[in-house]
1. Taking the Cα centre of the chain as origin, sum charge times position over the Cβ atoms of Lys and Arg (+1) and Asp and Glu (-1), and report the length of that vector in debye to the nearest 20.
2. Viscosity 1.002 mPa s, temperature 20 °C: what is the translational diffusion coefficient of region 77-176 from Stokes-Einstein with a Kirkwood Rh over Cα pairs, rounded to a whole number of µm²/s?
3. Relative contact order of the chain, please, whole-number percent, based on alpha carbon pairs below 8 angstrom and at least 6 residues apart.
4. Just the Cα atoms of the chain: what Rg and Dmax do they give in Å?
5. What percent antiparallel are the DSSP beta bridges of the chain, to the nearest 5?
6. Using a Debye calculation, one point per C-alpha and no hydration shell, please list log10 I(q)/I(0) for region 239-339 at q = 0.11 Å⁻¹ in order.
7. Kirkwood-based Rg over Rh for region 1-155 (C-alpha set), two decimals?
8. Give me the extension gain from Asn45 to Thr80: residue separation times 0.36 nm, minus the current Cα-Cα distance, reported in nm with one decimal.
Amino acid sequence: MTKYVFVTGGVVSSLGKGISSASLAAILESRGLKVTLIKLDPYINVDPGTMSPFQHGEVFVTEDGAETDLDLGHYERFITTRMRRVNNFTTGQIYDSVLRKERRGEYLGKTVQVIPHITNEIQHFIRRGAGEGTPQAVDVAIVEIGGTVGDIESLPFLEAVRQMSLRMKREDSAFIHLTLVPFIPAAGELKTKPTQHSVQKLREIGISPDALLCRADRPIPDDERAKISLFSNVPEEAVISVWDVDTIYKIPRMLHQQHLDDILCRKLALDPPPANLKVWDELVHALEHPQHTVRIAMVGKYVDLSDSYKSLNEALRHAGIKTASKVDISYLDSETLTPDNIAQLDAYDAVLVPGGFGKRGIEGKILAAQYAREHRIPYLGICLGMQVATIEFARHVAGLPQANSTEFDPNTPQPVIALIDEWLDRDGTVQTRSEGGDLGGTMRLGAQSADVKPGTLAYGIYGPVVNERHRHRYEANEHYLAQLQQAGLVISAITQREHLTEIIELPQSVHPWFVGVQFHPEFKSTPWDGHPLFTAFLRAALARHAQHAPTAQPAPAA
Ligand code: GLN
């Protein structure tokens with residue numbers, strides 16, 4: 001029997017509803033409960049994968065190949081339950097499903113309406129996300145409702161969860177509302193009015209929160225919490241102060257200290273063992289006591305370098321925890337890199353070229369790969385970063401001076417990177433190689449396995465099999481692999497199903513650490529386990545750092 005915690009947001013967006021929900025989930029998981037998280041997005045898009053990362057931040061990819069909201073990345077970094085396609089849905093998907101049913105005549109000629117048809121569909125999707133009636137069923141599903149109370153768009157979601165809780169026993173659901181308590185410098189005061197209004201709005205639609213999470217830039221004093229309690233009709237102990245912290249991994253401890261988990265367990269009539277937040281405390285301790293600093297140059301498109309690399313930034317931070325180092329990331333705009341200024345990479349311990357789409361800034365990335373290769377700077381290329389490293393090697397080492405990807409030059413005479421059907425078509429083997437018709441111009445998405453070649457760097461990191469998640473269209477062109485390998489490029493992993501190039505590297509005799517991967521390892525990094533590829537990358541960076549560190553103290557002045 002699954003219990004539900006519905007998390008709504010008030011006043012403004014971007015208060016960290018995802019992190020708060022995930023932190024609560026982490027505490028409940030530490031108490032031995034099986035937990036999952038579900039994100040409801042109020043926008044109309046049916047496919048979040050097609051949304052601009054500049055507007056919406058990173059697209060997170062699940063094991064089963066769903067392109068989802070980046071909050072699912074937070075969820076996987078806080079709890080051990082893996083997210084699936086069903087853990088995230090949008091208004092567009094709900095309508096899409098209802099409209100298809102209507103077309104199939106499933107509503108038997110009835111008038112199809114927001115209430116009850118849309119709201120029922122939402123409830124059905126929520127229960128499916130919680131795995132009800134399947135072996136995946138959880139004890140507690142935390143349902144995060146995107147948007148802000150009062151938005152037109154999120155009304156059907158709120159109505160749906162209100163109905164859902166009404167249909168359940170009292171102890172089977174709980175509501176948490178996250179709001180903002182702004183500090184007004186001119187008055188020198190925290191203001192509780194916006195919270196008051198937002199809770200009122202929630203009550204108007206029939207939802208009374210069991211706990212309030214009050215976001216502020218500082219801890220909220222008890223007298224203010226008492227005031228909030230009075231006007232919101234939420235017991236004072238359930239008015240929780242969530243202040244700004246330097247690392248998100250402090251939030252589980254902060255919420256637990258104020259007994260949020262106990263408050264919810266009481267409401268949900270659950271009596272699990274006490275919380276154990278040791279792993280979070282250790283993480284925070286490691287983050288705050290690094291022994292070294294590594295400087296990483298992340299070379300990307302200027303516009304990309306923000307929220308669009310959430311998982312990647314976290315994966316580097318996790319590797320920092322594993323190697324007792326503080327990771328200092330500098331974002332270099334590849335469009336500004338030229339042969340005249342590329343030597344600036346010398347100042348870094350390692351170079352990382354992350355994933356990306358489109359032609360802009362490509363030559364700067366190729367230049368960065370070349371410089372890292374020639375100057376023996378540790379290099380990690382992820383997805384697009386592997387493709388540019390391949391192009392660079394083809395051009396400057398393998399005698400293919402016009403090498404390119406058909407993504408950047410559709411007419412390139414040397415398409416070392418291309419769409420599968422562009423290069424398979426040439427010898428007519430498309431039918432035999434493309435199994436589900438899901439290749440070619442469509443994205444390769446989700447987890448896939450590849451065999452790793454013994455004796456390579458990749459083998460030392462992964463062992464015989466690597467299983468990682470993908471999100472790309474273009475592939476290393478099989479027709480050029482022999483030529484690249486003859487010139488010294490090592491293909492260290494090949495996918496089991498389609499025999500596609502999964503990892504490339506340089507032999508350690510010519511370069512200390514140069515690796516390109518066609519997948520996105522960052523999606524599988526967790527703060528507690530880190531990720532072996534990022535840890536190995538940081539170790540290589542640390543080794544370079546140690547070499548370059550001044551060994552002798554400057555001689556004292558005479
Ligand atoms: N644009 C490249 C492709 O589609 C790389 C994608 C990526 O880096 N995620 O294959």
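1. Its charge dipole is roughly 840 debye.
2. Roughly 144 µm²/s, to the nearest whole number.
3. Reported as a whole number, the value is 14 percent.
4. Considering the chain through its Cα atoms, Rg and Dmax are 25.8, 98 Å.
5. Expressed as a percentage, antiparallel bridges in the chain total about 35.
6. Values returned for q = 0.11 Å⁻¹ are -0.51.
7. Radius of gyration over Kirkwood radius for region 1-155 works out to 0.97.
8. Result for the pair: 9.8 nm of gain on full extension.
The values are calculated or read from the model by the stated rules, or taken from the named source; none is laboratory data. Since we're looking at a predicted model, the values are computed, not measured. Backbone-built Cβ (ideal geometry, glycine too); neighbour counts: all protein chains shown. Ligands, DNA and RNA are excluded from the accessible area calculation, which covers all protein heavy atoms including side chains. Shrake-Rupley method; radii C 1.70, N 1.55, O 1.52, S 1.80 Å.
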